[in-house]
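Please see the structure below; I have some questions.
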Amino acid sequence: MSDNVPAPLPGQSDKVVQVDKLSKKYGDNVAVNDISFSLTKGEVFAFLGPNGAGKTTTVEILECLRNPTGGHARVLGYDVSKRSDQAEIRKRIGVLPQDFNAIDRLTVRENINYFGAMFKHQLDADKLIELVDLKDKRDEQFKKLSGGLKQRVGLAVSLVNDPYVVFLDEPTTGLDPRARRDVWGVIERLKSQGKTVFLTTHYMDEAEYLADIVSIIDHGQIIASGTPDQLIDSHGGKKTLIIRDAGEEGLKQLPPGLPKAELRNAGDIAIPLHNGELTNILMSLGQTPLRDKEIEVRRPTLDDVFLNLTGRRVSEEGN
Amino acid sequence: MRSRIYTIISGHFKSWYRSKSNIFWTIAFPLLLIVLFGAIFGSGSTKFDLYLQNQDLNANTPTLYSHGYINALNNTGAFNLHVVAAEQPDPLTYVKSDAQPHNRGQRLLVIPLGFNQTLKNGGNATIQLYMDQSDQASASLAGIVRSVTISYAASIAGAPDHLIVQQVGIVTKNIRYIDFFIPGVIGMTLLTTGVFGAVNTNGRYRELKIIKKLATTPLSKIEWILGMVGYQMILATISLVVILFFGYAIFGVTATIDIYTVGLVVAASLLFPGIGMVLANFVKEAESADAAANAITFPMMFLAGTFWPRETLPDIMKIIANFMPLTYVNDGLRDALIYAEPAQALTNTLIALGLAAFFIVLGSVLMNWKEE
Ligand SMILES: Nc1ncnc2c1ncn2[C@@H]1O[C@H](COP(=O)(O)OP(=O)(O)OP(=O)(O)O)[C@@H](O)[C@H]1O
Ligand SMILES: [Mg+2]
């Protein structure tokens, strides 16, 4: 498989993807606006953003499907804008397009071999089937599978050439929570195998759970990047104390002198925590009937990060 | 290493034979049409068609003996007599052109001017019977005409040898409706499988992101198109063979497969998928592309002489038919398979190949392999 080894680039050989001031305009619409980031070998990178943020446009530029209108991007050291380099990139990347469906009337196995045949070398179909946990469905036609299983076939297909980097464009959108977890399981397995994964998603919990590095993109621009912890620490805001199911009544029972509390999610009381306040608050709560309620301390999530950065929340549908 | 084109062909082919509706539309439906149309129009009556021109008129009324002779023919009940006007200067050509659309045998009996007079004078009158010796019915038909003639001559003159039937051989292929119809069904099947196949593998595969996925692999657009065309050629060959086989088995339609047939099948497998690709690129949504394909294939099917000869169409429709690619495929297939007219087959094959090159190139250029 010697021709599968990417050309080494002096001093930057561990940079699998490098994006430098990349832009893409569709007419007057600036879909991607001057973004820069990079992916290191073995990393799971999440590109997190709402509908229309420019995620697909960016990924498809890296997959050599679209031409950038500004800036540069390299994948495995090859320039995505150079024709001869594109051929080299295609041999070495794995792609799961957004909303991908395999061929309806081919079986799981046949689909894997179909897409595998497009490459010079392909991984053994049975090994991939095992990886995505589809052994019982191996000879089932694609159209007969449920949404979650279909998506796992897509994952297997994206890995068929043993790629150096896998681009997964919204791999769990539209799946039920159970199926989403299964897909996460596969991505975790890839991570443990040391694969570099470029994931786009509008699910905050998905990015938080899977990603080593998260870049938040909104209106074509990257508004924050870092590990999930870094993002939460710097943009997530304060921890919150939650008193479950306390209701209006609970608000009245709160001891005086606390930070301003609010009611959330039909009856939960939320109290923002400042550093070092937790013990005092808990002690004063112990004097009230609220001490019998379920009390927890919630760390901010990427949801809060996004809210703090943009003033909006992203819905389940990604809007 | 398996070839990419082979993989694409086999993928399309598996998808085809695993779909019951595909099998229905490409195999069962054409056969159903053949059986239905063949049963309705294909089997002529048990009487023999016979065109008759009576030139022996007196002030526009048949003379006594010619009238009597025609009656005698009629009384046998063996003939459907079709009268050709006496003014018709070239009755044979008329018969040739009239018989085919009406699905009749091409046989002509001519009673000459002076028939009545000659017999009255005790001379020898000659009747001409034009017919194709290879016509299956020729022997029995000639036999009946001869015996009617002999007994009629005996009844009027007491001398059977006064009336002579002169048999003139003409070369016609006796084309029945079903012979005409079978190449049309082949053309229709090539049209629908080609157009709808391309709409499906380009329009629908694009919607399913299969094309996008393939575009991220080393596969090239040309390989993809070659794979599709290769698959269409296999399908076209299967259709041709199956339809001809059943045409022969059920209706005894004998067809000659020659180089033009091959050329036309190749042309059709480029031309109709090419049209489908053009459609799929103009109408982006797969479902609308399907509707557009219906809107194009149905009128084409009817106007291009699939079910009945274009000669029967109104003039304006005939002109429109000249712009329908299927017209040339249908005509070429008929010339090649049934009429054995190599010169006409060549012309139609060349036109079909030209159209094929145009549409497949246009479809390929229009197709977005990468950026939408
Ligand atoms: N082919 C195209 N032509 C014109 N505009 C486009 C095209 N593709 C995307 N856009 C526009 O570019 C912007 C970014 O779209 P993109 O698909 O990259 O977003 P996304 O983050 O992937 O969104 P989603 O979560 O909906 O997939 C949107 O405003 C979109 O309308
Ligand atoms: Mg997208």
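The values are calculated or read from the model by the stated rules, or taken from the named source; none is laboratory data. None of these values were measured; they are calculated from a predicted model. Neighbour counts run over all protein chains shown; Cβ positions are idealised from the backbone, glycine included. Surface accessibility is based on the protein's heavy atoms, side chains included, excluding ligands, DNA and RNA. Shrake-Rupley method; radii C 1.70, N 1.55, O 1.52, S 1.80 Å.
Could you tally the net charge around B:Ala286, taking each other residue with its Cβ under 11 Å from the Cβ of B:Ala286, Lys/Arg +1 and Asp/Glu -1?
-1
While we're looking at this one, here's another question. Hey, rough spin-label estimate for A:Lys25 and B:Tyr248, points 7 angstrom out along Cα→Cβ, what's it come to in nanometres?
Here the answer is 6.6 nm between the modelled labels.
Measure nothing but the geometry: give the 0 to 90° angle between the long axis through the Cα atoms of B:259-282 and the longest principal axis through the Cα atoms of chain B, rounded to 10°.
50 degrees
Just to confirm the number: angle between the C-alpha axis of helix B:325-334 and the first principal axis of chain B, 0 to 90 degrees, nearest 10?
With rounding to tens, the tilt is 50 degrees.
Under 11 Å from the Cβ of B:Leu303, count the other residues' Cβ atoms, weight Lys and Arg +1, Asp and Glu -1, and hand me the total.
+2
How large is the Rg to Rh ratio of the range B:45-170 when both quantities use alpha carbon positions and Rh follows Kirkwood?
Rounded to two decimals, Rg over Rh is 0.95.
So if we plug the beta-carbon distance of B:Thr312 and A:Asp139 into 1/(1 + (r/R0)^6) with R0 = 41 Å, what FRET efficiency do we get, rounded to 0.05?
0.15
Then there is this: Of all the accessible heavy-atom surface of the range A:14-87, with the other protein chains kept in place and a 1.4 Å probe, what percent is carbon and sulfur?
42 percent
Using only atoms on other chains, find how many Cβ atoms lie within 10 Å of each Cβ of peptide B:212-223 and report the average.
6
Moving to a separate point now. Per 0.36 nm of contour for each residue apart, how much would the distance between B:Ala340 and B:Tyr6 grow if the chain were fully extended, relative to their Cα-Cα spacing?
Result: 116.7 nm gained on full extension.
Considering only protein heavy atoms, what per residue accessible area in square angstrom results for the range A:238-299 with a 1.4 angstrom probe?
Accessible area per residue: 65 Å².
Another one. With springs only between Cα atoms under 10 Å apart, run a GNM on chain B and tell me which of B:Ile178, B:Ile243, B:Ile319 wobbles the most.
Greatest mean-square fluctuation among the candidates belongs to B:Ile319.
Hey, another quick one. Please give the direction-averaged projected area of the C-alpha convex hull for the range A:18-160, in square nanometres with one decimal.
Answer in nm², one decimal: 9.6.
If I model a spin label at A:Ser234 and A:Arg298 as a point 7 Å from the Cα along the Cα→Cβ vector, what separation in nanometres do I get?
Inter-label distance under the simple model: 2.5 nm.
Test of understanding: extend the Cα→C-beta vector of A:Asp162 to 7 Å, then name every residue of the range A:114-141 with backbone N under 13 Å from that spot.
Of the residues in the range A:114-141, A:120-125, A:127-128 have backbone N under 13 Å from the label point off A:Asp162.
Tell me, what is the FRET efficiency for A:Glu248 and A:Gln287 to the nearest 0.05, using R0 = 22 angstrom and their Cβ-Cβ distance as r?
0.65
Could you check how much of the accessible area of the range B:17-146 is carbon and sulfur, as a whole percent, using a 1.4 Å probe?
Of all accessible area on the range B:17-146, carbon and sulfur atoms account for 55 percent.
Round to a whole number: what % of the accessible area of the range B:320-372 belongs to carbon and sulfur, probe 1.4 Å?
Reported share for carbon and sulfur atoms: 72 percent.
Give the lysines whose C-alpha is closer than 19 Å to that of A:Lys252, dropping any in the same chain fewer than 8 places away, or say none.
A:Lys260, A:Lys293
For chain B, what does the helix formula give at 222 nm: sum of -39500 (n - 2.57) over DSSP H segments with n ≥ 4, over the residue count, nearest 500 deg cm²/dmol?
-19000 deg cm²/dmol
Work out the mean other chain Cβ neighbour count within 10 Å for the residues of B:272-283 and drop it here as an integer.
Mean inter-chain Cβ contacts per residue within 10 Å come to 0.
Exactly which trypsin sites (Lys or Arg not before Pro) in the range B:47-119 are in a DSSP loop and have at most 14 other Cβ atoms within 10 Å?
Taking the range B:47-119 and a limit of 14 other Cβ atoms within 10 Å, the loop trypsin sites (Lys or Arg not before Pro) found are B:Lys47.
Please list A:44-51, B:244-251 highest first by mean number of surrounding beta-carbon atoms within 10 Å per residue.
A:44-51, B:244-251
Can you work out the accessible area per residue across the range A:15-234, with the rest of the protein chains kept in place, probe 1.4 Å, in square angstrom?
Per residue, the range A:15-234 has 37 Å² of solvent-accessible surface.
Net charge near A:Trp184: determine it from the other residues with C-beta under 12 Å of the C-beta of A:Trp184, scoring Lys and Arg +1 and Asp and Glu -1.
Local charge sum for A:Trp184: +1.
I want to verify a result. In a Gaussian network model of chain A, Cα cutoff 10 Å, which of these has the top mean-square fluctuation: A:Ala156, A:Ala266, A:Ala102?
Answer for the Gaussian network model of chain A: A:Ala266.
Nearest 100 Å², what total accessible surface is buried between chain B and chain A (probe 1.4 Å)?
2800 Å²
Report the FRET efficiency, 1/(1 + (r/R0)^6), for B:Gln88 and B:Gln167, where r is their Cβ-Cβ distance and R0 is 22 Å, rounded to 0.05.
Working from the Cβ atoms, E equals 0.60.
Sticking with this one: Can you give me the accessible area per residue for chain B, using a 1.4 Å probe, in Å²?
44 Å²
Hey, what's the Kirkwood Rh for chain B if you take every pair of different alpha carbons, in angstrom?
For chain B, the Kirkwood estimate is 23.6 Å.
While we're looking at this one, here's another question. Please find, in a Gaussian network model of chain B (springs between Cα atoms separated by less than 10 Å), the residue of B:Asp90, B:Asp49, B:Asp132 whose mean-square fluctuation is greatest.
B:Asp90
Follow-up. Defining a contact as two alpha carbons under 8 Å apart and six or more residues distant in sequence, what relative contact order in percent does the range A:15-234 show?
Relative contact order, the range A:15-234: 29 percent.
May I pose another question? From the phi of every residue in the range B:121-132, what ³J(HN,Hα) in whole Hz does the Karplus formula 6.51 cos²θ - 1.76 cosθ + 1.60 yield, where θ is phi - 60° and glycine or proline is x?
Karplus values, whole Hz, x for Gly and Pro: 7, x, x, 9, 9, 10, 10, 9, 10, 9, 7, 7.
Which positions within the range A:113-152 get 40 Å² or more of their accessible surface covered by the other protein chains, compared to the chain by itself, with a 1.4 angstrom probe?
Buried-area filter returns A:Tyr114, A:Phe115, A:Ala117, A:Met118, A:Phe119.
Starting from the Cα gyration tensor of the protein assembly as shown, multiply each eigenvalue by 5, take the square root, and state the resulting semi-axes largest first in whole Å.
Values for the protein assembly as shown, descending: 82, 26, 20 Å.
Compute the Rg/Rh shape ratio of chain A: radius of gyration over Kirkwood radius, all on alpha-carbon atoms.
1.06
Also, I was wondering about something else. Using a cut-off of under 13 Å, list every residue of the range A:183-213 whose amide N is near the label point 7 Å from the Cα of A:Asp99 along the Cα-to-beta-carbon line.
Of the residues in the range A:183-213, none has backbone N under 13 Å from the label point off A:Asp99.
Give the shape of the range A:82-194 as rounded, prolate or oblate, defined through the alpha-carbon gyration tensor: a ≥ b ≥ c are the square roots of its eigenvalues, a/c under 1.5 means rounded, and otherwise the shape is prolate if a/b is larger than b/c and oblate if not.
Verdict is prolate for the range A:82-194.
Any idea what the relative contact order of the range B:45-170 is, in percent, if you count C-alpha pairs under 8 Å spaced at least 6 apart?
Computed over the range B:45-170, the figure is 28 percent.
Other chains' Cβ within 10 Å of A:59-68 residues: what's the mean?
Counting other chains' Cβ atoms within 10 Å and averaging over A:59-68 gives 3.
Ok, one more. Pulled fully out, how much extra length does the chain show between A:Asp126 and A:Arg178, if you take 0.36 nm times their separation in residues and subtract their Cα-Cα distance?
Difference between extended and current length: 16.3 nm.
Here's another thing I want to ask about it. How many percent of the alpha carbon pairs in the range A:238-299 exceed a separation of 18 Å?
In whole percent, the long-distance tail amounts to 22.
Also: Can you give me the angle between helix B:177-198 and the longest principal axis of chain B, using Cα atoms only, in degrees from 0 to 90, rounded to the nearest 10?
10 degrees
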